[in-house]
1. Could you list, in sequence order, the residues of the stretch 348-373 that are closer than 15 Å to residue 172 by Cα and open to solvent by less than 10 Å² (accessible area, probe 1.4 Å)?
2. Please specify each residue of the stretch 58-99 satisfying the condition of being touching a Ser or Thr at 6+ places or on another chain (Cβ under 6 Å) and within 16 Å of residue 451 (Cα to Cα).
3. Here are some residues: 246, 292. Which one is outside any helix (DSSP H, G or I) and open to solvent by less than 50 Å² (accessible area, probe 1.4 Å)?
4. May I ask you to list the residues in the stretch 98-144 that are open to solvent by less than 10 Å² (accessible area, probe 1.4 Å) and acidic (Asp, Glu)?
5. So, in the stretch 177-219, of the ones that are assigned to a helix (DSSP H, G or I), of a type in the set (Val, Ile, Thr) and touching a helix residue (DSSP H, G or I) at 6+ places or on another chain (Cβ under 6 Å), which residue ends up farthest from residue 249 (Cα to Cα)?
6. For the stretch 369-418, enumerate the residues that are hydroxyl-bearing (Ser, Thr, Tyr) and in a helix (DSSP H, G or I).
7. Suppose we filter the stretch 55-81 for residues that are in a helix (DSSP H, G or I), open to solvent by 10 Å² or more (accessible area, probe 1.4 Å) and within 20 Å of residue 308 (Cβ to Cβ); how many remain?
8. Residue 440 is checked against (1) open to solvent by less than 70 Å² (accessible area, probe 1.4 Å); (2) at positive phi and fails just one. What number does that condition carry?
Amino acid sequence: MSTSHPAGNNPAHSTQPQSAPAPHTAEVATPSGTTASGLKRGLHARHLNMIAIGGAIGTGLFVASGATISQAGPGGALVAYALIGMMVFFLMQSLGEMATYLPVSGSFEEYGTRFVSPSFGFATGWNYWYNWAITVAAELVAAAIVMQYWFPDVPSWVWSLGFLALLFTLNAISVRGFGESEFWFASIKVVTVIIFLVLGVAMIFGILGGDSVGFQNWTVGEAPFVGGGLGILSVFMIAGFSFQGTEMLGIAAGETEDPEKNIPRATRSVFWRILLFYIGAIAVIGFLIPYTDPALLNPDGDIALSPFTLVFDRVGVAAAASVMNAVILTSVLSAGNSGLYVSTRMLFALAESGKAPRVFASVTKRGVPMAALLATTAVGAFGFFLSLLGSGQAYTWLVNASGLAGFITWVCIAWCHLKFRRAYVAQGGDVKDLPYRAALFPFGPILALLMCIIVILGQNYEALIGNAEFASLLSSYIGLPLFFGLWIGHKLITKAPAVKPEEADLSRDAI
């Protein structure tokens, strides 16, 4: 992996223009070899594909999708997920172009440092690290709740600690161990969604479960668009959170064999997965379950049952609730597994570039950054125990900050891509020579950037228009001052200048 250097030595801060980039002559590590940082390129194409798809399929689809239809109607939910899907498609195009050109575990931190400024890279890296380190804690809490369904008498902390030990072990063995576990976790989710879609379409056309349902649920009450524009906006936020994790592909690129071949392949397939799994599932649920069904959302505004459970139950799948509970547990463990992996690699990359203590840059013979893994695991455990103390208010604030951090990362990806292209052209590079080119540049990253900002500002629009107290407003937006604090604080301390396009570091000889 390429590392950042002090301002005096980094080409990004050189007073001399850089030579034109030569994308296809870089000394990239061999497909099955070791990177310059000691990490192993042990992830195969199938691992990368499942990491990409696993990041996009989780409890947001299995559980929250029913609530979105209840709030915005089938049409409103479909529009919201389609728009967010388009945004994610363009973000992944941007990330795919940069990750293919520069496949490093630092990913967004490295791109921010090279193409924007060292301070921007510092803030981006630490933002992403705490994003997923705290998410690991959240998934441990969720896993314990799932297990209470089968074992209500076992204390929740027992399950959480047991799952944390499992996730740590999977990540500590090797990157291949992580890749294999994530492959099977994601495979279960994919198979479940495919079965759901097949059974759902059969029910829609009357092949299963009686007569064809037609469009009756799209015209009941206020359907298809419930709540108008505000209804769609509220679902917009939920849909955005559901897609978080797709950017993990950029982190995994640093340990992927033959990245110039496998990263573009995984990037291209994201659009079709979004179309099939999210848009398809929302459409099926909208046809089969009316938005007024109390099983989707109870009077208190809480999610009552997974819409997948409802459909499987109506088809006659034995123990449908237990089956879906098991799948949801798989999703939770998958998210925790991936979260521990990417946050560990980001902490490792920060240490490599001098933005974190050097001890976290150590690597075992198997290519595992063990010190970074131990530190991140400790943070996950601390977050979990924090959730057990008092009212859990501090933990709620951490989770809110973590959720917003994901959208901030997406903004950073879009901005880095715009700066990367500008630097590439400024230094005499021909866009046609890029190993992979993002579609519809610059429209794609600009649109994604604007949509991400809309989502960020709309986190708690009720509070913004004066319908909520200050504490609620601060809790929703706490991630923003944290990010800007990191950015500005690093800038004030280091005095590191912004990177000029003609001086950006486009070298690929250390990856």
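1. Correct list: 348, 367, 368, 369, 372, 373.
2. The answer is 88, 92.
3. Going through 246, 292 in turn, the sole match is 246.
4. Across the stretch 98-144, the qualifying residues are 109, 110.
5. The residue in question is 204.
6. If the condition is that a residue be hydroxyl-bearing (Ser, Thr, Tyr) and in a helix (DSSP H, G or I), then 376, 377, 387, 395, 396, 402, 409 are the ones that fit.
7. 6
8. Against the list (1) open to solvent by less than 70 Å² (accessible area, probe 1.4 Å); (2) at positive phi, residue 440 comes up short only on (1).
The values are calculated or read from the model by the stated rules, or taken from the named source; none is laboratory data. Remember, it's a predicted structure, so these values are computed and weren't measured experimentally. Note: ideal-geometry Cβ built from the backbone for every residue, glycine included; neighbour counts use all protein chains shown. Surface areas here come from the heavy atoms of the whole protein model, side chains and all, with no ligands, DNA or RNA. Shrake-Rupley method; radii C 1.70, N 1.55, O 1.52, S 1.80 Å.
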